[in-house]
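Report on the structure given below.
The values are calculated or read from the model by the stated rules, or taken from the named source; none is laboratory data. Values in this document were obtained by computation on a predicted structure and should not be read as measured data. Cβ: placed from backbone, ideal geometry, glycine included. Neighbour counts: every protein chain shown. When the accessible area is computed, the model is the full protein with side chains, heavy atoms only, and any ligands, DNA or RNA have been set aside. Shrake-Rupley method; radii C 1.70, N 1.55, O 1.52, S 1.80 Å.
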Amino acid sequence: MILRKEWPLSQWTLLKKNRAKEALLESEGKFKAIFQNSNDAIMLLNKDGFFDCNPQTLKIFKINTKEEFIKFHPAELSPPVQSDGKNSFEAAQEHINIAYREGYYKFDWIHRKTDGEDFYAEVLLSTFTFGGEQVLQATVRDITERKHAELTLKESETKY
């Protein structure tokens, strides 16, 4: 049996490289599992627009393929005007700019599915570096049930 300290340097280097490669593959596998199996829509975008999304994104927005999805501007997945009266395109660009500047931005938003149905969403924009450029991860969580419960509670409070 050869002890570790007696191994030739090339064998030791090879062992370390193999362990590093295994760790990288495991890490990539975890990321892929989270991305692919999330119950939230996860979209990646750069200055040119969307460049990737997870399967839940397609399901939530009722879009058939990733190729179809990446043609959309974020504001095109929204009604023309948000509940605060702001134009969706201008408001989306403002939120994106804040996220790029601050590194993180969380807000409520009304999104529109391709079948025309609107839903309330909590959106989290986070920046990170990918391929040498600053990009955004947009995580969209459907909060329609919560918003309806809040509205019902407000109506109830107003009534009584």
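Some observations on this one:
- Selection count, region 99-110, where residues are in contact (Cβ under 8 Å) with a residue 24 or more places away in the chain, open to solvent by 30 Å² or more (accessible area, probe 1.4 Å) and within 19 Å of Val135 (Cα to Cα): 1
- Residues that are open to solvent by 80 Å² or more (accessible area, probe 1.4 Å) and part of a strand (DSSP E or B), drawn from region 123-147: Thr129, Phe130, Gln134, Arg141
- Restricting region 40-64 to residues that are at pLDDT 95 or above and assigned to a loop (DSSP other than H, G, I, E, B), the residue that is farthest from the chain's Cα centre (by Cα): Asn64
- Test: Glu150 is assigned to a strand (DSSP E or B), without any contact (Cβ under 8 Å) to a residue 40 or more places away in the chain and of a type in the set (D, E, K, R): no
- Residue match in region 84-92 (condition: part of a helix (DSSP H, G or I), under 21 Å from Ile143 (Cβ atoms) and either open to solvent by 20 Å² or more (accessible area, probe 1.4 Å) or among the basic types (Lys, Arg) (or both)): no
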